[in-house]
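Presented below is the structure to which this report refers.
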């Protein structure tokens, strides 16, 4: 049941609790060449882009009508309670309700975050042409609203809400437009640093370049602009990690190797097959990514909780993408949920970005052994020594226990 939207701003500080994001960032920076930490973010900020369509199609209705905002937020509550990802990305209005008023992140390892800006290329209204026009900088969100739910009367209130946000920038190979985008990003960083607000930086490929970037130079164009942009930013103003389009192993490795303390992540992209999502994560992890953000692929999944669980296991190196697709279908069968497509079709790569991956899609990548668990946690099997069939059976059994 969705809770009432109480408009009274709370003043009680949140309970102190462990956040997996902070622990993982600390491990990555302390051990840049050996850390196995991987940051997963689940994006439920689509109301900043798609409006009414943001919650996705409702499977309960044959006419395919959209879910409501209340249903969208119920999925957020369930996914946060599951606690398998590190960051929950939301709009400021959803953050106000769930973080500040309901306090669902108190005692949770999940860190709340907000979409800090909404450039015009994500204004995806029905019938609109904005996404086909060169992106212009724009920001609806107020950092005070993210942190306090109001114009913060003093700094003592800033702990009540989210102190992490996604800032997005789109370079279009146009000096005037790109300068305006960089100036807007500079102004945001100044305000964020003064208010103790952290951010991660999303860098989109050009959405409508007036001078096209040659396809074979696009990834290099993005890498160079990221390095150039951040060279003038001191550590207090730098993003905690990046979110970029996957341009293939070589360019991802190039960016990850450039600065070991520049944590590189990939964006999950549009909806596709289950294998598109799982293979992207596995490939990115193998070639230097330390973070990934998925939105529509999770939101459109037949069963979000088990889909997220498989993302977590892939990110932690416990299961391959191919094994995960097969096991996920097994879970859907036992839950009585009809998959969007047959298993054979769901094992196909349809995401154009994954054409970089190469190789035989049917050949499973051996999972690397997981790091030793804490003393208070049961030891995991030696996944490297298990056959694909044994790993598949193991994870199916785990999900049976979780979801019945």
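The values are calculated or read from the model by the stated rules, or taken from the named source; none is laboratory data. Keep in mind that this is a model prediction, so the values were computed, not measured. Here the Cβ is made from the backbone with ideal geometry for all residues, glycine too, and neighbour counts use every protein chain on show.
Can residue 162 be described as closer than 16 Å to residue 237 by Cα, touching a residue at least 40 places away in the same chain (Cβ under 8 Å), under 23 Å from the mean Cα position of the chain (by Cα) and crowded, with 22+ Cβ neighbours inside 10 Å?
Working: closer than 16 Å to residue 237 by Cα: no; touching a residue at least 40 places away in the same chain (Cβ under 8 Å): yes; under 23 Å from the mean Cα position of the chain (by Cα): yes; crowded, with 22+ Cβ neighbours inside 10 Å: yes.
So residue 162 fails the test.
Selection of first residues in the range 257-283 that are free of Cβ contacts under 8 Å to residues at least 40 places away in the same chain and at negative phi and of second residues that are crowded, with 23+ Cβ neighbours inside 10 Å and part of a loop (DSSP other than H, G, I, E, B), restricted to Cβ pairs under 6 Å at least 6 apart or on distinct chains, gives the following pairs, ordered by first then second residue: 264/289; 266/246; 266/289.
Look through 135, 113, 128, 141 and report the one residue that is outside any helix (DSSP H, G or I) and free of Cβ contacts under 8 Å to residues at least 12 places away in the same chain. Checking each option against the conditions leaves just 128. For residues that are surrounded by fewer than 17 Cβ atoms within 10 Å (Cβ to Cβ) and in contact (Cβ under 8 Å) with a residue 12 or more places away in the chain, scanning just the range 144-159, find the one that is nearest to residue 105 (Cα to Cα). Across the range 144-159, the extreme among qualifying residues is 159. Residue 153 meets the stated requirement of being over 24 Å from residue 73 (Cβ atoms) and assigned to a loop (DSSP other than H, G, I, E, B). Contact annotation: residue pairs with Cβ atoms under 9 Å, 6 or more positions apart or on different chains, pairing a residue in the range 34-57 that is over 20 Å from residue 109 (Cα atoms) with a partner that is at pLDDT below 95 and part of a strand (DSSP E or B), are 52/66; 53/66; 54/66; 55/66; 56/66; 57/66. For the range 262-272, which residues satisfy the criterion of being surrounded by fewer than 21 Cβ atoms within 10 Å (Cβ to Cβ), modelled with pLDDT of 95 or more and in contact with a helix residue (DSSP H, G or I) (Cβ under 6 Å, 6 or more places away or on another chain)? Selection gives nothing.
Residues that are part of a helix (DSSP H, G or I) and surrounded by fewer than 24 Cβ atoms within 10 Å (Cβ to Cβ) within the range 283-296 comprise 283, 285, 286, 296, listed in sequence order.
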